[in-house]
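The structure appears below as structure tokens.
Laboratory data are not the source of any read-out in this text; all were calculated from the coordinates shown. Remember, it's a predicted structure, so these values are computed and weren't measured experimentally. A quick note on method: Cβ atoms are made from the backbone with ideal geometry, for glycine too, and the neighbour counts reach across all protein chains shown.
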Amino acid sequence: MTKDKAYRSEAAAAIHETASGLFEAGVIDKRTMRDFDETCLTPIQEFTPKQIKALREREQVSQTVFAFHLNVSKDSVSQWERGEKRPAGPSLKLLSLIKRKGLAAIA
């Protein structure tokens, strides 16, 4: 199974991999594949500055340690928490995973 996507569970990863194969073979259509994506992949949500700070504090880590695990700079985390910038892409995915499973899930 591929590890470049974040799945809800190992079972979801297996189901999604099977569906991807069926899609590539032309057995299922694009709309059905999107449904599998929504069902199997970790959902991504937007985070407010307050939510990001609360998440970091829940994990009891400094901005520097939090930034290290997210592979961003400490300044980025600081700017997110002040509302000057917003996380995007992989950072949002990692924040969603941390919210659901804790920092240990990505450490």
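Within 10 Å of each residue's Cβ, count the other Cβ atoms and sort Glu17, Glu24 from fewest upward. Please report the intermediate quantities before stating the final value.
Details: Glu17 16, Glu24 10.
Fewest to most other Cβ atoms nearby, the residues stand as Glu24, Glu17.
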- Rounded to the nearest 20 debye, dipole of the chain from Cβ charges on Lys, Arg, Asp, Glu: 440
- Near Leu55, within a Cβ-to-Cβ distance under 11 Å, what is the net charge of the other residues, with Lys and Arg +1 and Asp and Glu -1? +3
- Message: For Ser91, Ser96, which order do you get if you count the other beta carbons within 10 Å of each Cβ and list the fewest first?
- Response: Ser96, Ser91
- Mind pulling up the Rg/Rh value for the range 29-88? Radius of gyration and Kirkwood radius, both on Cα. 1.15
- Task: Work from the charge dipole of the range 61-103 (Cβ charges, +1 for Lys and Arg, -1 for Asp and Glu, about the Cα centre) and give the residue of Val77, Ser96, Phe66 farthest towards its positive end.
- Result: Ser96
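With 10 angstrom as the radius, rank Arg8, Arg31 by how many other C-beta atoms surround their C-beta, starting from the fewest.
On the way: Arg8 15, Arg31 7.
By the 10 Å Cβ count, ascending: Arg31, Arg8.
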